[in-house]
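Take a look at the structure set out below.
We did not get these values from a lab; they are worked out from the coordinates using the rules stated. All figures in this text were calculated on a predicted structure; none of them were measured in a lab. Note: ideal-geometry Cβ built from the backbone for every residue, glycine included; neighbour counts use all protein chains shown.
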Amino acid sequence: MIVDLESLVQFSPNQVVCLEQGDLRVFGEVVQMVPERSSLTGWKPSRCWVRPLAMAQVIPERLQLSLLYDLRESSHLVLPAQVFREALDMEVIPIMEALFHPEKEVVINNSDEARISLHQLIRTVSVERSELFQTV
């Protein structure tokens with residue numbers, strides 16, 4: 001039996017993960033991994049239950065992220081674990097600082113616009129990586 005290593009992605013509770021789409025990044029905290037069973041193969045790649053924290057945009061010329069939205073009040077996500085990667089400390093620390101100290105020159109928007117942007121990003125990921133979103 002051939003096992004795709006990408007299908008064995010595992011994260012730990014409270015770990016910060018990142019979902020990338022173009023120049024956008026969604027950072028979230030793992031609540032737990034959700035294993036799934038398939039009636040045909042006996043197992044299926046795990047899903048990851050994530051509490052969104054923030055959406056940021058890459059600014060290539062400055063090699064940094066710019067916080068766009070505070071997503072802490074948005075709905076939790078349950079997505080295939082393969083769409084996430086471990087977030088790097090150098091990405092997370094500035095984003096967390098901006099979330100918890102918004103008076104430091106960062107405008108945080110936790111409006112309907114933030115939820116719509118998150119929804120659009122998830123929809124784009126689900127179309128581009130549709131093989132991960134198919135059910136048996």
Next item on the list: Sort 96, 90, 55 so that the residue with the fewest other Cβ atoms within 10 Å of its own Cβ comes first and the one with the most comes last.
Entry: 90, 96, 55
Item checked: Extreme residue, positive dipole direction of the range 9-129, given options 58, 82, 98 (C-beta unit charges) -> 82
Notebook entry, point to check: Does the range 9-129 come out rounded, prolate or oblate by the C-alpha gyration tensor, with a ≥ b ≥ c the root eigenvalues, rounded set by a/c under 1.5 and, if not, prolate when a/b is larger than b/c and oblate if not?
Noted result: prolate
Notebook entry, point to check: What list do you get for 18, 48 if you sort them by fewest beta carbons within 10 Å?
Noted result: 18, 48
